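The values are calculated or read from the model by the stated rules, or taken from the named source; none is laboratory data. Please read these numbers as outputs of a predicted model, since none were measured by experiment. In this analysis, Cβ positions are derived from the backbone assuming ideal geometry, glycine residues included, and neighbour counts consider all displayed protein chains.
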Amino acid sequence: MRLLKTLFLLLPFLNCKTAPLKVISRLPKKLKEASAIAYDSKRDLYWTIQDSNNDPILYALDENGKIRHETKLFNIKNKDWEDLIIDEAGNFYIGDFGNNDFDRNEYYIYKIEANTIMKEQAYATVITFKLQGKKEKDFEAFILKGKHFYLFSKEKKKTVVYYIPNHIGKHKAIKVTSYLFGKKKDHQITSATISKDQKTVFLLNHSKFWQLSNFENDQFFSGDIKKINLYHDSQKEGICFKNENTLLISDEYDKGTGGNLYELKLTN
């Protein structure tokens, strides 16, 4: 009986893969709270933002971690910026939806048009949303799939997914699905990304990430779920695709650790 119980406890880890992180560069020290990463293939730049109460600025870095451009959004504030997306047309989207204290009931996604992103100052249009139901959530991760954004909650229990349309205006975020990963820390999802063909999603936390594939429509947990251990614990806050075979991951400076941009090669 004891042997069976031990095997049962080990089951979630038997099929885990591990993946090595390669440091590309150090992040500038002025970006101590870099909360996202997005790769701009058109310009070969790595874009990041900082989280709560920092300046409303997007930073473009080269592969050596040098800041090559700063774009200040003059019409909005940074309440709690948490994730960043660049769409196929080159438009940028910032997720202002962090809610560590669970004291906000209105959230924002800011859109910056492709033709203004390289200006010193740019205007952001606003997608505003509230949650369906009364319970507020904390978010640090979202993806753009088709014409909708999907947000993954940062939880101590199960991860909850909501969707809202990619359309300027005010919306209700509708609950799509949820998933119980198992361990409490496993639900601390800090960033997300989706492949170009929209068939694979990666969810990040501080020490591992999950690959979601073979799902039906927006039921992201209905297919294959693969956990990949990084065996590297830091305050990882950003993940994105560089190309179909490579992920980029970033982490914050935290007590002498982190503050790096990493590359991770995907294997079958």
Taking the residues in the stretch 121-146 that are in contact with a strand residue (DSSP E or B) (Cβ under 6 Å, 6 or more places away or on another chain) and in a loop (DSSP other than H, G, I, E, B) as candidates, determine which candidate is farthest from ILE249 (Cα to Cα). GLN132
Tell me yes or no: at least one residue of the stretch 179-195 is surrounded by fewer than 17 Cβ atoms within 10 Å (Cβ to Cβ) and free of Cβ contacts under 8 Å to residues at least 12 places away in the same chain. yes
Apart from one, (1) of a type outside the set (Lys, Arg); (2) more than 23 Å from VAL201 (Cα to Cα); (3) assigned to a strand (DSSP E or B) all hold for MET118; the odd one out is (3)
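Looking at ASN53, ASN64, ASN75, which is the one that is surrounded by fewer than 19 Cβ atoms within 10 Å (Cβ to Cβ), farther than 21 Å from ALA114 by Cα, at pLDDT 95 or above and of a type outside the set (Val, Ile, Thr)?
Working: ASN53 fails: at pLDDT 95 or above; ASN75 fails: farther than 21 Å from ALA114 by Cα.
Going through ASN53, ASN64, ASN75 in turn, just one is surrounded by fewer than 19 Cβ atoms within 10 Å (Cβ to Cβ), farther than 21 Å from ALA114 by Cα, at pLDDT 95 or above and of a type outside the set (Val, Ile, Thr): ASN64.
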May I ask you to verify whether GLU155 is of a type in the set (Asp, Glu), within 21 Å of ASP251 (Cβ to Cβ) and in contact with a helix residue (DSSP H, G or I) (Cβ under 9 Å, 6 or more places away or on another chain)? yes
What do you reckon, is LEU230 under 17 Å from PHE149 (Cβ atoms), touching a Ser or Thr at 6+ places or on another chain (Cβ under 9 Å), in contact (Cβ under 8 Å) with a residue 60 or more places away in the chain and surrounded by 15 or more Cβ atoms within 10 Å (Cβ to Cβ)? no
Given (1) surrounded by 14 or more Cβ atoms within 10 Å (Cβ to Cβ); (2) outside any strand (DSSP E or B), index of the condition LYS156 fails: (1)
Need a quick list: strands (runs of 3 or more DSSP E) entirely within the stretch 200-244 having at least 1 residues that are more than 24 Å from ILE94 (Cα to Cα), at pLDDT 95 or above and of a type in the set (Gly, Ala, Ser). 208-213
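Just the residues that are among the hydrophobic types (A, V, I, L, M, F, W, C) and surrounded by fewer than 19 Cβ atoms within 10 Å (Cβ to Cβ), please, taken from the stretch 108-121. Give the steps one after another, and end with the answer.
At the first step, the residues of the stretch 108-121 found to be among the hydrophobic types (A, V, I, L, M, F, W, C) are 109, 112, 114, 117-118.
Matches in the stretch 108-121: ALA114, MET118.
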Go through (1) modelled with pLDDT of 95 or more; (2) over 18 Å from the mean Cα position of the chain (by Cα); (3) surrounded by 15 or more Cβ atoms within 10 Å (Cβ to Cβ); (4) more than 15 Å from ILE85 (Cα to Cα) and name the single condition LYS170 misses. (3)
